[in-house]
1. Pick from segment 30-48 the residues that are of a type in the set (Val, Ile, Thr) and in contact with a helix residue (DSSP H, G or I) (Cβ under 9 Å, 6 or more places away or on another chain): which of them is modelled with the lowest pLDDT?
2. Identify, by number, the condition in (1) over 22 Å from the mean Cα position of the chain (by Cα); (2) surrounded by fewer than 18 Cβ atoms within 10 Å (Cβ to Cβ); (3) under 30 Å from Met232 (Cα atoms) that Val414 doesn't meet.
3. Just one of (1) closer than 12 Å to Val414 by Cα; (2) surrounded by fewer than 22 Cβ atoms within 10 Å (Cβ to Cβ) trips up Ser461, so point out which.
4. Cβ-Cβ under 9 Å, sequence separation 6+ or interchain: first residue in segment 472-483 and farther than 14 Å from Glu412 by Cα and modelled with pLDDT of 90 or more, partner of a type in the set (Val, Ile, Thr) and in a helix (DSSP H, G or I). Which pairs?
5. Quick one: how many residues across segment 120-134 are free of Cβ contacts under 8 Å to residues at least 24 places away in the same chain and either under 29 Å from Ser53 (Cα atoms) or part of a loop (DSSP other than H, G, I, E, B) (or both)?
6. If we keep just the residues of segment 101-119 that are in a loop (DSSP other than H, G, I, E, B) and hydrophobic (A, V, I, L, M, F, W, C), which is surrounded by the fewest Cβ atoms within 10 Å (Cβ to Cβ)?
7. Name the residues in segment 470-511 that are surrounded by fewer than 20 Cβ atoms within 10 Å (Cβ to Cβ) and of a type in the set (S, T, N, Q), would you?
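The values are calculated or read from the model by the stated rules, or taken from the named source; none is laboratory data. Every value quoted in this text rests on a predicted model; they were computed, and no experiment measured them. When we count neighbours, we look across all protein chains shown, and the Cβ atoms used for this are built from the backbone with ideal geometry, even at glycine.
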Amino acid sequence: MSYNSAAKEPAVEIRNLSIRYRGSNGLAIEGLSLTLEPGECLGIVGESGSGKSTAGLAIMGYLPASAEILSGEVLVAGSDVTKLDRRKRRELRGRRISMVYQSPMTALNPLMTVGDQVAEALTVHGHSKAQAHQATVRLFEQVRMPDPADIGRRYPHQLSGGQLQRVVIAMALSCKPDLIIMDEPTTGLDVTTEAAILSLIDDLRRETGTAILLISHNLGLVAKHADRVAVMLKGCVVEQASARELFANPTHEYTRALLEAVPKIAEPKGGRVSTVKDGAAPTPKETVLGIRSLNVTFPARRSNNDSPKIFKALDHVDLDLHKGEILAIVGESGSGKTTLSRVVAGLHRPDFDSRIDLRPSSTASSDVAMVFQDPTSTLNPARTIGWTLKRTLASAGVARDERADRAAKLLEDVKLPAHYMSRLPRELSGGERQRVSISRALAQNPSVFILDEPTSALDVSVQKSVLNLLLELRDRYELSILFVTHDLGVVRYIADRIAVLYRGELVAVGDVEEVFEKPDHPYVSQLINASMANQMPRRDELVA
């Protein structure tokens with residue numbers, strides 16, 4: 001931390017804060033005390049339900065009506081946020097504290113240009129329209145946006161994920177706050193974009209002296225970019241130290257368990273700690289999916305004077321998936337990963353000269369089943385888990401009198417108890433909901449599984465248990481899996497082969513170890529280097 005904060009008061013000070021949600025048995029936060037100095041980055045890590053996001057909401061004054069503050073203070077600029085009225089809290093936001101959320105698309109108005117949205121944040125705090133426009137261009141320059149004078153005229157859907165996150169950061173910086181709270185700011189971004197965003201955050205912190213509260217389940221990210229780290233468990237801070245000290249010499253059992261659960265890109269598959277039986281992955285057998293000369297084009301944006309153009313999302317892609325193998329599809333945003341999975345699933349039609357050859361086994365009920373990143377958005381919130389599974393089994397042709405037993409067996413396969421059949425999705429944790437999504441895919445008995453970022457939103461320990469479950473199911477049922485991800489640590493942990501897409505072209509395909517050890521394309525090297533940069537450092541590197 002190079003910014004000199006000696007003469008300034010803390011950016012935020014939390015004293016003995018306890019919060020309870022009505023209807024909940026335990027406390028969301030219990031006796032929390034934290035101090036964040038100007039220019040400092042404090043990382044808060046912990047699993048879902050640990051209280052880390054509640055702490056961020058308390059600082060912003062955004063706690064829901066169901067939250068009850070039992071004790072404590074949240075001091076910002078000498079004022080206790082918990083005791084301010086709505087008008088004073090609003091004055092504090094923007095000028096003193098700002099927040100950057102996980103999903104920039106949900107934080108932006110799709111009907112307004114991004115420039116107007118940043119300018120609006122400035123006019124609320126007293127700038128004229130002309131001043132706000134000029135300041136917006138300067139902010140876009142500050143967050144390293146391409147063509148800052150022009151990009152403000154675009155709408156959110158016309159920008160990439162990394163550009164959207166830069167817009168939200170510009171908005172957070174607009175009134176020069178003392179503190180920015182970043183809640184999972186890079187979840188869902190590819191590794192090269194993530195590295196650029198985090199480098200930007202570090203630069204802005206040094207240049208402006210803005211303090212950063214970094215809330216994340218990505219321990220590698222926190223290890224590299226935070227000055228101090230607080231580990232939360234069930235509403236309490238169980239360990240707090242400098243980042244170097246905590247990751248080199250964790251003292252709490254829970255912290256050590258979190259660190260052990262992180263998939264490591266530099267760790268060969270042979271080093272995997274797995275719950276599956278010993279033995280190598282199944283030897284690939286027949287090809288269950290053959291892709292030849294796959295082309296997908298979309299109309300490209302153009303100005304009024306341009307002739308029509310096309311954008312090639314996929315360009316002559318040839319790829320095979322073998323029975324019983326896990327093939328990872330990786331690449332940055334816009335590389336064609338999602339388009340490829342949608343074409344295989346039959347959700348998008350390729351160009352006329354493409355060939356997709358799905359070869360279902362004699363026991364398969366369907367060709368393809370998909371498991372998506374966010375199970376909350378794919379499970380019916382008004383229906384029980386049992387209803388969802390039995391409906392899927394009915395579509396697969398299972399007789400009515402067999403569906404209840406089969407549904408219970410499916411839950412058993414994903415290590416959930418049978419009584420979960422009576423539960424609603426909201427009554428399950430994120431990891432449990434993802435297990436239900438996997439069981440629903442199993443119910444279809446498909447030839448090919450497509451998993452689209454299935455673990456990116458999960459805590460590291462939950463992520464590892466889901467990955468181990470997938471490996472066990474693959475071994476038991478000889479599943480053929482297309483695993484779409486941007487996390488190369490996960491790829492090295494779970495995949496047999498890897499296919500790398502870059503701007504719609506397949507630039508590398510082969511065994512995971514071979515591609516990682518001897519990358520033969522510049523982009524593959526760049527991807528691996530970017531991933532290594534944000535991996536959790538080894539303990540010997542920290543104590544050296």
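1. Val45
2. With respect to (1) over 22 Å from the mean Cα position of the chain (by Cα); (2) surrounded by fewer than 18 Cβ atoms within 10 Å (Cβ to Cβ); (3) under 30 Å from Met232 (Cα atoms), Val414 is out only on (2).
3. For Ser461, the exception is condition (1).
4. Arg474/Ile494; Ile481/Ile494; Leu482/Val344; Phe483/Val490; Phe483/Val491; Phe483/Ile494
5. Number satisfying all stated conditions: 5.
6. Top of the filtered list is Leu111.
7. none
Every residue, every condition in (1) touching a strand residue (DSSP E or B) at 6+ places or on another chain (Cβ under 8 Å); (2) modelled with pLDDT of 95 or more; (3) of a type in the set (Phe, Trp, Tyr), yes or no:
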| site | (1), (2), (3) |
| --- | --- |
| Trp387 | no, yes, yes |
| Ala418 | no, no, no |
| Met421 | no, no, no |
| Glu427 | no, no, no |
| Gly430 | no, no, no |
| Gln434 | yes, no, no |
